[in-house]
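Chemist: Below are the structure tokens for one structure; questions will follow.
The values are calculated or read from the model by the stated rules, or taken from the named source; none is laboratory data. Because the structure is predicted, anything quoted here is derived from the model rather than measured. All Cβ positions, even for glycine, are placed from backbone atoms using ideal geometry, and neighbour counts span all protein chains on display. We work out accessible area using only protein heavy atoms, side chains counted, and drop any ligands, DNA or RNA first. Shrake-Rupley method; radii C 1.70, N 1.55, O 1.52, S 1.80 Å.
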Amino acid sequence: MESRYQADAIESKWQQHWASAGLDQTPDQTEQPKFYALSMFPYPSGNLHMGHVRNYVITDVIARLKRMQGYRVLHPMGWDAFGLPAENAAIDRGVAPAQWTHQNIAQMRQQLQELGLSLDWQREVATCFPDYYKWTQWLFLQFYAAGLAYQKEAAVNWDPIDQTVLANEQVDSEGKSWRSGAIVERKLLRQWFLKITDYAEELLQDLDKLSGWPDRVKTMQANWIGKSVGAYLEFPVVGMDEKVAVFTTRPDTVYGVTYVVLAPEHPLTPKVTTSDRAEAVDAFIAEVSQTSEQERTAEDKPKRGIPTGGMVVNPFNGEAVPILIADYVLYEYGTGAVMGVPAHDARDFKFATQNQMPIKTVIIPEGGDADATLEAAYTEPGIMVNSGDFDGIPSTEGKQKIIEHAETQNYGKARVQYRLRDWLISRQRYWGCPIPVIHCPSCGTVPVPDEQLPVELPSNVEFSGRGPSPLAKLDDWVNVPCPSCGEPAKRETDTMDTFIDSSWYFLRYTDAQNTGQAFERDRVNDWMAVDQYVGGIEHAILHLLYSRFFTKVLRDRGLLNFDEPFSRLLTQGMVQGITYKNPVTNKYVAPADVADPENPVDPATGDALEVFYEKMSKSKYNGVDPKAVLGKYGADTARMFILFKAPPEKDLEWDDADVEGQFRFLNRVWRVVQGVIEQPITGETPDKLSKPEKDLRRAIHTAIKEITEDLDGDYQFNTAVSELMKLNNALTDAKCTNSPVYQEGIETLLKLLAPFAPHLAEELWSQLGHSDSIHQAAWPVLDESALVVDEIPLVVQIMGKKRDVIQVPASASKAELEALARGSEKVQPYLEGTEVKKVIVVPGKLVNFVVAKK
């Protein structure tokens, strides 16, 4: 029998055993309550990093705990496998995207299995496999049938040298193409959208249902949806039958409009531009087209704009004001135009001041001066002035009165607007899910019939990174007969945004092997919603919002019967590594190149280095390879460290010394259990326990109570591991190692440890003689009576000085406590020859004798 803890041999042995026994497969019966534990699935880059490890270990502990607590558990894994990196690999290395992706999946699957994760691999999905994206295409057609998928022109990043569309991440900070170095332009292309705006209000209101989500995430989603209540107003263009429409949340300031601003790409821009302004306007539009949306709307960037020469009439006061175009107004947002009220909007005030535009005050604080020169925009509520019939009205009331007047006079109407835009899902790339429609000259846009799904990606593709999408160059793939009329037609060559794939994968897991449906309705309704979802805060908005949107649409299509996909959400913190940076050169230095960590200097320059913790990344040389940690200490130690070092929602600072500490702890567990294995305990637990037995049983059930509470709700894994250490210490120090209570303690320790260090717990459980897996054992149940303390320590004092500590019955009365204190052998010498003037008894704490010499 092994007397030394050998992690590598133990972990390999049990991983193979669990796999062959099918221990982690999802049960089919539905008598038990269900628990769906899910980690956000990874992109198959080829290598796990510590962020992955933390995510998956957290979810695994929860899954293992719930199985032991009697739940039937669904704990699956898959791969978010479409995307740009595979296409880049094809260009750079000449490896087909499918081959590159499949190799990476195989490699990462092996790495996940080495962590001892209790995953049901029979439900594995990969979004790039035809048996998955067949149903992605089918779901797209559900959106299309519901009128929620449509095409319109939208701006893309265009590389004028390579003549290709670029993703945002392919444009560098200077607005240049990452491959050709060309200045990227904005170009209009006809693209596919999903109508998420139809669900904006429900997506916003239903955030209130998500009591198990962090408030921070719900706030981020609410801000992204960005509901605004205000007015839609129309300003007639002078000299033509056109109107500039704006949305404003401050209709009470409409009398203070001194200009209106169009987005440069607004269709009205060329119409309202006068001939003398045409050259300047065209130059400005060309300049803005080379600027990213992020740059145009950045708060810290100066706002630029120029007059078009056109004018509009403010219908409320009949004043003509100029029409400008400016970079900070985007056509995709709102109406693509804004009204400029510099007196009452900070951005407008700054813009008007820079461009010498007039500033007209129309709201003042109560008792204020309407003629006073403003030093800054007045944006608070107040009294309306210079506003015609509305003068003297509080501005808060004026908002509604202005809207009512606009509706009466046909100037505008009340409107609710959302910051949320419809979801642009078109990608001019190869490695994505093909959009299943055919464009026919006679029939228009025709869905691919269900029986012809999936529309598979062709394999005979050349990748150059230049020109249109590789799919668009394949005539034999593009040219097909129309499904409706049979005439020559063309396939859609755009592929879908990869967020589509990840917006329903959690539904597929519930019925992953179904070849006839995306999922069977009863199965998806049985398992959903996900009870615990674990992933990074970086997915707080898009992935989670899109998944919620998909769920609601599929509910409305009759495919499922719930409103929200994820009941509880845990956003784990980042894993940070020790980082060395030269403040002079701003270059990072690898820890291995730092000779003296106490006084770190750059080996190349001799400069003193800054030392801090930062998110692990290759570029900072501060990453820790999970393979190296597993090779040295084993998966159980890595799991224990990750769970112990920090609460799951906080950032974790990697520390090799703390990893070593967890390895030592598991060795201590090994040794304490080996003592029982070498000298088995026999006999029944006696009816009357000795004091050492009572003390140990109290420690056992205190651990059960504390760890069970730590793993309920907020998942305080770090304090749970601390409680495991306390129980192990209690067993190590126990004076009743031959008692059945000690056996109870050993077996309880292993059960409580099992979700955290599954291999070690399984090995020691087996060595104790159990034939069934510890992971199929019941979670320990608290015996409240074991926590009751029969005896407690009582401090005995003479004149306030401690003279003894005695054990007394917990239920003793004050008189009994005084008598027990007087009977102390250590106290009696101090009482002899004295007169006890007073006895102070504090039950449960102390007895103090106040004495005087006779």
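Chemist: Would you mind pulling out the separation of the Cα centroids of segment 225-254 and segment 150-208, in Å?
Modeler: Rounded to whole Å, the Cα centres lie 26 Å apart.
Chemist: Shifting gears a bit: Determine the per residue accessible area of segment 718-785 with all protein chains present and a 1.4 angstrom probe, expressed in square angstrom.
Modeler: Normalised by residue count, the accessible surface of segment 718-785 is 36 Å².
Chemist: Right, something else. Kindly sort MET725, MET384 by accessible area of their heavy atoms, largest first, with the probe set to 1.4 Å. List each step's numbers first, then the result.
Modeler: Values: MET725 40, MET384 0 Å².
Per-residue accessible area, sorted high to low, gives MET725, MET384.
Chemist: Sequence-distant or interchain residues sharing an amide H contact under 5 Å with TYR328, placed H: which?
Modeler: The answer is ARG304.
Chemist: Two decimals is fine: what is log10 I(q)/I(0) at q = 0.12, 0.16 Å⁻¹ for segment 693-827, from a Debye sum with one equal scatterer on every Cα and no solvent?
Modeler: The calculated log intensity ratios at q = 0.12, 0.16 Å⁻¹ are -0.61, -0.86.
Chemist: Please give the peptides 465-473, 595-603, 365-373, 803-811 ranked by average Cβ packing (other Cβ atoms within 10 Å per residue), highest first, as a rough proxy for protection.
Modeler: Values: 465-473: 16.9, 595-603: 12.2, 365-373: 10.0, 803-811: 14.9.
Averaged packing, sorted descending, gives the order 465-473, 803-811, 595-603, 365-373.
Chemist: Please compute P(r) over all alpha-carbon pairs of segment 196-320, binned at 10 Å starting from zero, and give each bin as a whole-number percent.
Modeler: Result returned by the calculation: 10, 28, 31, 21, 9, 2, 0.
Chemist: How large is the helix-only mean residue ellipticity at 222 nm for the chain, computed as the sum of -39500 (n - 2.57) over DSSP H runs with n ≥ 4, divided by its residue count, in deg cm²/dmol to the nearest 500? Write down the numbers at each step before the final one.
Modeler: Values: 26 runs with 290 residues, N = 854.
Using -39500 (n - 2.57) per qualifying helix, the result is -10500 deg cm²/dmol.
Chemist: Moving to a separate point now. Report the Stokes-Einstein translational diffusion coefficient (µm² s⁻¹, integer) for segment 207-271, Rh taken as the Kirkwood radius over Cα pairs, at 25 °C with viscosity 0.890 mPa s. Could the numbers behind the result be given before it?
Modeler: Values: Rh = 15.2 Å.
Translational diffusion coefficient: 161 µm²/s.
Chemist: Which whole-number value in Å² is the accessible area per residue of segment 266-384, probe 1.4 Å?
Modeler: Values: 5910 Å² over 119 residues.
About 50 Å² of surface per residue is accessible.
Chemist: List the GluC sites (Glu not before Pro) within segment 670-730 that DSSP assigns to loop and that have no more than 12 neighbouring Cβ atoms inside 10 Å.
Modeler: Answer in residue order: GLU684.
Chemist: If you count, for each residue, the other Cβ atoms within 10 Å and average over each peptide, how do 347-354, 229-236 line up from highest to lowest? Present the calculation step by step, with values, prior to reporting the outcome.
Modeler: On the way: 347-354: 18.1, 229-236: 20.1.
So the order, starting with the most tightly packed, is 229-236, 347-354.
Chemist: In square nanometres and to one decimal, what's the mean projected area of the convex hull around the Cα atoms of segment 499-557? If you can, show how the numbers build up before the last one.
Modeler: On the way: hull surface 17.4 nm².
Computed as one quarter of the Cα hull surface, the answer is 4.4 nm².
Chemist: Dividing the alpha-carbon radius of gyration of segment 82-173 by 2.2 N^0.38 Å (N being the number of residues), what value is obtained? Don't skip to the end; give the middle numbers.
Modeler: Details: Rg = 18.0 Å, N = 92, 2.2 N^0.38 = 12.3 Å.
For segment 82-173, the normalised Cα radius of gyration is 1.47.
Chemist: Further question on the same structure: Using only the Cα atoms, what convex hull volume per residue in Å³ does the chain have?
Modeler: On the way: hull volume 237.9 nm³, N = 854.
Output value, Cα hull per residue: 279 Å³.
Chemist: Using the per-residue mean of other Cβ atoms lying within 10 Å as a proxy for protection, in what order, highest first, do the peptides 106-115, 307-316 fall?
Modeler: On the way: 106-115: 16.6, 307-316: 20.7.
The densest-packed peptide leads the list: 307-316, 106-115.
Chemist: Percent of Cα-Cα pairs more than 17 Å apart in segment 1-73, please.
Modeler: Numbers: 1632 of 2628 pairs.
Cα-Cα pairs of segment 1-73 separated by over 17 Å account for 62 percent.
Chemist: log10 I(q)/I(0), Debye, Cα-only segment 659-715, no solvent, q = 0.24, 0.26, 0.29 Å⁻¹?
Modeler: -1.08, -1.07, -1.05
Chemist: In this model, which of LYS187/LYS218; LYS271/LYS301; LYS176/LYS620; LYS627/LYS705; LYS66/LYS618 are farther than 26 Å apart at the alpha-carbon? The partial results should precede the final answer.
Modeler: On the way: LYS187/LYS218 34 Å; LYS271/LYS301 28 Å; LYS176/LYS620 24 Å; LYS627/LYS705 35 Å; LYS66/LYS618 36 Å.
From LYS187/LYS218; LYS271/LYS301; LYS176/LYS620; LYS627/LYS705; LYS66/LYS618, over 26 Å: LYS187/LYS218; LYS271/LYS301; LYS627/LYS705; LYS66/LYS618.
Chemist: Charges at C-beta only: +1 for Lys and Arg, -1 for Asp and Glu. How large is the resulting dipole of the chain about its Cα centre, in Debye rounded to 20? Please report the intermediate quantities before stating the final value.
Modeler: Details: 87 positive and 119 negative charges, 351 e Å.
Around 1680 debye, computed over the chain.
Chemist: Cross-link candidates for LYS401: which lysines have Cα within less than 17 Å, leaving aside residues fewer than 8 places away along the same chain?
Modeler: Within the straight-line limit of under 17 Å, LYS401 reaches these lysines: LYS413.
Chemist: How much of the accessible area of the chain, in percent, comes from carbon and sulfur atoms when a 1.4 Å probe is used? Provide the component values of the computation, followed by the final result.
Modeler: Details: 18600 of 38480 Å².
Of the solvent-accessible surface of the chain, carbon and sulfur hold 48 percent.
Chemist: Over its Cα atoms, what ratio of radius of gyration to 2.2 N^0.38 Å does segment 252-360 give?
Modeler: On the way: Rg = 13.2 Å, N = 109, 2.2 N^0.38 = 13.1 Å.
Rounded to two decimals, the normalised Rg is 1.01.
Chemist: Antiparallel as a % of all DSSP beta bridges within the chain, to the nearest 5?
Modeler: Values: 81 of 104 bridges.
Approximately 80 percent, going by the DSSP bridge assignments.
Chemist: Over segment 484-639, what number does the Rg to Rh ratio reach, with both radii from the alpha-carbon atoms and Rh per Kirkwood?
Modeler: On the way: Rg = 24.3 Å, Rh = 20.4 Å.
The Rg/Rh ratio comes out at 1.19.
Chemist: Residue farthest toward the positive end of the dipole of segment 152-219, with Cβ of Lys/Arg at +1 and Asp/Glu at -1: which of PRO160, ILE196, TRP213?
Modeler: PRO160
Chemist: If you take all C-alpha pairs in segment 319-361, what percent of them are over 14 Å apart? Walk me through the intermediate numbers first.
Modeler: Values: 454 of 903 pairs.
Value for segment 319-361 (Cα pairs over 14 Å): 50 percent.
Chemist: What three numbers, in Å, describe the spread of the alpha carbons of segment 384-460 along their principal axes, ordered from the longest?
Modeler: Cα extents, longest axis first: 73, 29, 19 Å.
Chemist: While we're looking at this one, here's another question. What do you get for Rg/Rh over segment 695-769 if you use C-alpha atoms and the Kirkwood form of Rh? List each step's numbers first, then the result.
Modeler: Values: Rg = 12.2 Å, Rh = 12.6 Å.
Radius of gyration relative to Kirkwood radius: 0.97.
Chemist: Need the list of lysines near LYS802 for cross-linking: C-alpha distance under 26 angstrom, and skip anything on the same chain fewer than eight residues off.
Modeler: Reachable lysines: LYS691, LYS814, LYS826, LYS837, LYS838, LYS845, LYS853, LYS854.
Chemist: Considering the alpha-carbon set of segment 339-401 alone, what are its Rg and its Dmax in angstrom?
Modeler: Final numbers for Rg and Dmax: 11.5, 33 Å.
Chemist: First obtain the Kirkwood hydrodynamic radius of segment 153-253 from its Cα pairs, then insert it into the Stokes-Einstein equation at 10 °C and 1.306 mPa s, and state the resulting D in µm² per second as a whole number. Please report the intermediate quantities before stating the final value.
Modeler: Values: Rh = 18.0 Å.
Translational D for this selection: 88 µm²/s.
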